[in-house]
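Colleague: Got a structure for you, written out below as structure tokens; questions coming shortly.
The values are calculated or read from the model by the stated rules, or taken from the named source; none is laboratory data. All values reported here derive from a predicted model rather than from experimental measurement. So basically every Cβ, Gly included, is an ideal-geometry build from the backbone, and we count neighbours across all protein chains shown.
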Amino acid sequence: MSTTEAASLYPALQDRSIKDTICLFDVDGTLTPARRTVSPEMLQILAQLRHKCAIGFVGGSDLAKQQEQLGTSSIKVTSLFDFCFAENGLTAIRLGKNLASNSFIQWIGEEKYQQLANFCLRYMADIKLPKKRGTFIEFRNGMINISPVGRNASVDERNEFEAYDKQHGIRSAFVDALKKEFPQIGLTYSIGGQISFDVFPTGWDKTYCLQHVEAEKEISGIVYKTIHFFGDKAFPGGNDYEIYSDPRTIGHAVNGPEDTMKQLKELFDL
Ligand code: M1P
């Protein structure tokens, strides 16, 4: 089914019974089990909800990953939601059509990016580690990922670096050096995984997508007075925390897709 055909099955945004309300959902652990696909029961509930209010997802990964988890070979994920926010909303799709997108390089500019990359490469050249492999800076659409051991490290080499880092604080010292060198750029550093840290503009967490929700006022005249957000990583340090605790949203912490469905049934009488 095409996105246009799917959208025509639902009332226009302004004709929904609670038209000033939108529900936004994290993907992994909220709409789907972690790294797995969505259940037919969840899709059914989302379809029922979409008759009452606007719905959207906001995920950290790119759209291809969300297509894999929420869509099928014959159903486009962009037909299942009114708003699709991939990479926290850097890629944004409204009713199947792309909205303005953004990228790390667009934001930082080539000159500052090279200063940053050169500093990181020099810093890493001076570190002694048990192993060094390849791809020390990974350039992504919305961020850069920096890894002193290198992203080509094998599983054993990852584990070895992680243990060494725990003892010697390699990544936290690196982040401190970056903060000292670039105090004005407005970057956030996040040590989330085993061998690397992410560097992205401050504010480019899930709250980034709210600007697109607010812009609906200029597109169709709808002001979303109530923005519900559902997420499983709503604790401080989790990647749902900022949008969950943002004053513009009503945050709902969930402990998995079953809980999301339960809360939706109660809240919206589905
Ligand atoms: O999800 C947490 C992190 O996972 C990976 O980190 P690492 O390779 O260090 O284990 C990366 O994808 C990183 O960007 C991400 O934040």
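Colleague: Out of everything in the stretch 69-87 that is within 16 Å of the ligand (Cβ to nearest atom) and at pLDDT 95 or above, what residue ends up being surrounded by the most Cβ atoms within 10 Å (Cβ to Cβ)?
Modeller: Only one residue fits best here, namely Ala86.
Colleague: Name the pairs: first residue in the stretch 188-200 and in contact (Cβ under 8 Å) with a residue 60 or more places away in the chain, second residue more than 6 Å from the ligand (Cβ to nearest atom) and in a strand (DSSP E or B), Cβ to Cβ under 6 Å, at least 6 apart or on different chains?
Modeller: Val199/Ile144; Val199/Leu187; Val199/Tyr189; Phe200/Thr188
Colleague: Return the residues of the stretch 255-270 that are in contact with a strand residue (DSSP E or B) (Cβ under 8 Å, 6 or more places away or on another chain) and farther than 14 Å from His228 by Cβ; say none if nothing qualifies.
Modeller: Within the stretch 255-270, Pro257 is the sole residue that qualifies.
Colleague: Next question, about the same structure. Which condition from (1) under 17 Å from the mean Cα position of the chain (by Cα); (2) in a loop (DSSP other than H, G, I, E, B); (3) more than 15 Å from the ligand (Cβ to nearest atom); (4) at negative phi is the one that Gly203 breaks?
Modeller: Checking Gly203 against (1) under 17 Å from the mean Cα position of the chain (by Cα); (2) in a loop (DSSP other than H, G, I, E, B); (3) more than 15 Å from the ligand (Cβ to nearest atom); (4) at negative phi, the one that fails is (4).
Colleague: Taking Leu116, is it among the aliphatic types (A, V, I, L, M), away from the ligand (no atom under 16 Å from the Cβ), exposed (fewer than 14 other Cβ atoms within 10 Å of the Cβ) and over 30 Å from Cys53 (Cα atoms)?
Modeller: No, not satisfied.
Colleague: Given the conditions (1) away from the ligand (no atom under 16 Å from the Cβ); (2) within 15 Å of the chain's Cα centre (by Cα), report the number of the one that Thr226 does not fulfil.
Modeller: With respect to (1) away from the ligand (no atom under 16 Å from the Cβ); (2) within 15 Å of the chain's Cα centre (by Cα), Thr226 is out only on (2).
Colleague: Take Glu242 and decide whether it is within 16 Å of the ligand (Cβ to nearest atom) and either surrounded by fewer than 19 Cβ atoms within 10 Å (Cβ to Cβ) or outside any loop (DSSP other than H, G, I, E, B) (or both).
Modeller: Yes; evaluated as a whole, the condition is true for this residue.
Colleague: Could you figure out which of (1) within 19 Å of Cys84 (Cα to Cα); (2) assigned to a loop (DSSP other than H, G, I, E, B) isn't true of Phe235?
Modeller: All conditions pass for Phe235, except number (1).
Colleague: Applying the selection to the stretch 69-92, what residues are hydroxyl-bearing (Ser, Thr, Tyr) and in a loop (DSSP other than H, G, I, E, B)?
Modeller: Of everything in the stretch 69-92, those that are hydroxyl-bearing (Ser, Thr, Tyr) and in a loop (DSSP other than H, G, I, E, B) turn out to be Thr72, Ser73, Ser74.
Colleague: Can you name every residue in the stretch 96-151 that is hydroxyl-bearing (Ser, Thr, Tyr), under 21 Å from Gln194 (Cα atoms) and assigned to a helix (DSSP H, G or I)?
Modeller: Tyr123
Colleague: Condition test on Ala34, is it loosely packed, with under 15 Cβ neighbours inside 10 Å, within 16 Å of the ligand (Cβ to nearest atom) and either assigned to a helix (DSSP H, G or I) or of a type in the set (D, E, K, R) (or both)?
Modeller: Judged against the criteria, Ala34 is not a match.
Colleague: Okay, next question. Which of the numbered conditions does Ala47 fail, given that it passes all the others? Conditions: (1) crowded, with 20+ Cβ neighbours inside 10 Å; (2) in a helix (DSSP H, G or I); (3) of a type outside the set (Ser, Thr, Tyr).
Modeller: Evaluating Ala47 over (1) crowded, with 20+ Cβ neighbours inside 10 Å; (2) in a helix (DSSP H, G or I); (3) of a type outside the set (Ser, Thr, Tyr) leaves (1) as the failure.
Colleague: Hey, could you check the stretch 186-200 for residues that are more than 6 Å from the ligand (Cβ to nearest atom) and in a loop (DSSP other than H, G, I, E, B) and say which is farthest from the chain's Cα centre (by Cα)?
Modeller: Gly186
Colleague: Please work out which residue is surrounded by the fewest Cβ atoms within 10 Å (Cβ to Cβ), limiting yourself to the stretch 130-178 and to residues that are of a type in the set (A, V, I, L, M), near the ligand (Cβ under 10 Å from one of its atoms) and within 27 Å of Thr202 (Cα to Cα).
Modeller: So the residue we want is Ile144.
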